[in-house]
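Below is one structure, written out as structure tokens; comments come after it.
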Amino acid sequence: MHETGIAQSILDIAIKTALENGAKKINNVAVKVGKMNAIDEASLRFAFDALKEETMAANATFEYIDVPLTGKCEECGYESELEGYFVLCPKCSSGRVTILTGNELEIAYIDIE
Amino acid sequence: MEKIEINQKVLSKNDMDAAELRNRFKKNGTFTVNIMSSPGSGKTSLLEKILGALSSKYNVAVIEGDLQTENDKERIEKVGVKAVQIQTGGACHLEAAEIEKKLPFVDGDNLDLLIIENVGNLVCPSEYDLGQDANIILLSVTEGDDKPLKYPTMFFAGDIFIINKVDLAPYVDFDINKAVENAKKIKSTLEEFIISCKTEEGLDKVIDWFERGILAKKQCS
């Protein structure tokens, strides 16, 4: 349900960047979404497609880049993808795990012309 | 066609607003807590029960978030605490800019403690930083002990985890140990509190947690 606001932020940043770079239109918007975000891909795409109408991104494709949840165990040093949403070391079961990836929600790049 | 690297966080406007709020709360020494739960877990009941003890010693205010009505604001005012309501209309979460706008209504620069009661929802509010020092996740025993596993992003955002309505535990299939264990699989540092707003069991420990937070914030402001 909050995907609409996020899609609007994505569009705002994409359009601002495109204008700063003298673009006429945006052909593609690539977004990195970490697993730890409560984001539904279909809802985000739906919102993006609805909001892009009548903007310079009207024909832009939406590139959704899934980022897995990975962590480094502070006890045994093991680095790996984490199982489910458990921030637990798969090797020694310690909870002292630093998240390496999976929190991202960022615009990676745009293609303009 | 040209490719432009951006690598910018998407919620950046909210993050900037939240960072400004965080600076302001730090300068003012205001311990700020964001409470999140499903609708009906007992967020407002918890506040009604603990605010009496806190407001006699500290300058306290509450910002209430709901889709509609001023019911919760009125409940808080009845216990003698300043409150302001945000009616989100249809939105499922609060944003930092809305908090900033409401601060003048509760003497927001002269507070020891500001409690933000977020919209009842275990998904969206966890995505939005409000400049808080701590997130409280509240769950009640009528909701099921697997909720941390079903809504991991919310529990990952939490600092403390409160299980409410424990007086009803004998009547429902809720395994308290399992709920705590499930929550700690998502975040091992979550501190848990087991309470009943009805019987007042465990509330003293929650009040104590708030007091420790208020005093710690004063020391670093």
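The values are calculated or read from the model by the stated rules, or taken from the named source; none is laboratory data. The shown structure was predicted, so the numbers you read here are calculated from the model rather than taken from an experiment. Reconstructed Cβ throughout: ideal geometry from the backbone, glycine too, with neighbour counts over all protein chains shown. To get the accessible areas, we keep the full protein, side chains included, count just its heavy atoms, and leave off ligands, DNA and RNA. Shrake-Rupley method; radii C 1.70, N 1.55, O 1.52, S 1.80 Å.
How many residues does segment A:15-32 hold that are at the interface with chain B (Cβ under 8 Å from one of its Cβ atoms) and closer than 17 Å to B:Lys9 by Cα? Don't jump to the end; show me each part of the working.
Initially, segment A:15-32 is screened for residues at the interface with chain B (Cβ under 8 Å from one of its Cβ atoms), giving A:17-18, A:21, A:23, A:27, A:31.
Within this subset, residues satisfying the condition of being closer than 17 Å to B:Lys9 by Cα are A:17-18, A:31.
Of the residues in segment A:15-32, 3 are at the interface with chain B (Cβ under 8 Å from one of its Cβ atoms) and closer than 17 Å to B:Lys9 by Cα.
Restricting attention to segment B:1-31, report how many residues are within 14 Å of chain A (Cβ to nearest Cβ) and in a loop (DSSP other than H, G, I, E, B).
Going through segment B:1-31 one residue at a time, the tally reaches 3.
Mind listing whichever residues of segment A:47-99 are under 20 Å from B:Thr189 (Cα atoms), within 14 Å of chain B (Cβ to nearest Cβ), open to solvent by less than 50 Å² (accessible area, probe 1.4 Å) and free of Cβ contacts under 8 Å to residues at least 60 places away in the same chain?
Within segment A:47-99, A:Leu69, A:Gly71, A:Cys73, A:Leu82, A:Gly84, A:Val87, A:Leu88, A:Cys89, A:Ser94, A:Gly95, A:Val97 qualify.
Quick check: is even one residue across segment B:46-62 within 14 Å of chain A (Cβ to nearest Cβ), of a type in the set (Ser, Thr, Tyr) and at negative phi? Outline the logic, then answer.
Start the filter on segment B:46-62 by keeping residues that are within 14 Å of chain A (Cβ to nearest Cβ), which leaves none.
Checking segment B:46-62: not a single residue is within 14 Å of chain A (Cβ to nearest Cβ), of a type in the set (Ser, Thr, Tyr) and at negative phi.
Given the criterion more than 11 Å from every other protein chain (Cβ to nearest Cβ) and within 16 Å of the chain's Cα centre (by Cα), identify the matching residue among B:Ile137, B:Ile176. Give the steps one after another, and end with the answer.
On the way: B:Ile176 fails: within 16 Å of the chain's Cα centre (by Cα).
B:Ile137 is the lone residue from the list that is more than 11 Å from every other protein chain (Cβ to nearest Cβ) and within 16 Å of the chain's Cα centre (by Cα).
Matching residues to (1) under 29 Å from A:Ile6 (Cβ atoms); (2) open to solvent by 40 Å² or more (accessible area, probe 1.4 Å); (3) touching a helix residue (DSSP H, G or I) at 6+ places or on another chain (Cβ under 9 Å); (4) among the hydroxyl-bearing types (Ser, Thr, Tyr):
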site	(1), (2), (3), (4)
B:Met1	yes, yes, no, no
B:Gln8	yes, yes, yes, no
B:Lys27	no, yes, no, no
B:Met36	yes, no, yes, no
B:Lys43	yes, no, yes, no
B:Leu51	no, no, yes, no
B:Lys57	no, yes, yes, no
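Of (1) in contact with a Pro (Cβ under 8 Å, 6 or more places away or on another chain); (2) of a type outside the set (S, T, N, Q); (3) under 25 Å from B:Lys13 (Cβ atoms), A:Ala58 satisfies all except one. Which?
Only one criterion in (1) in contact with a Pro (Cβ under 8 Å, 6 or more places away or on another chain); (2) of a type outside the set (S, T, N, Q); (3) under 25 Å from B:Lys13 (Cβ atoms) is unmet by A:Ala58, namely (1).
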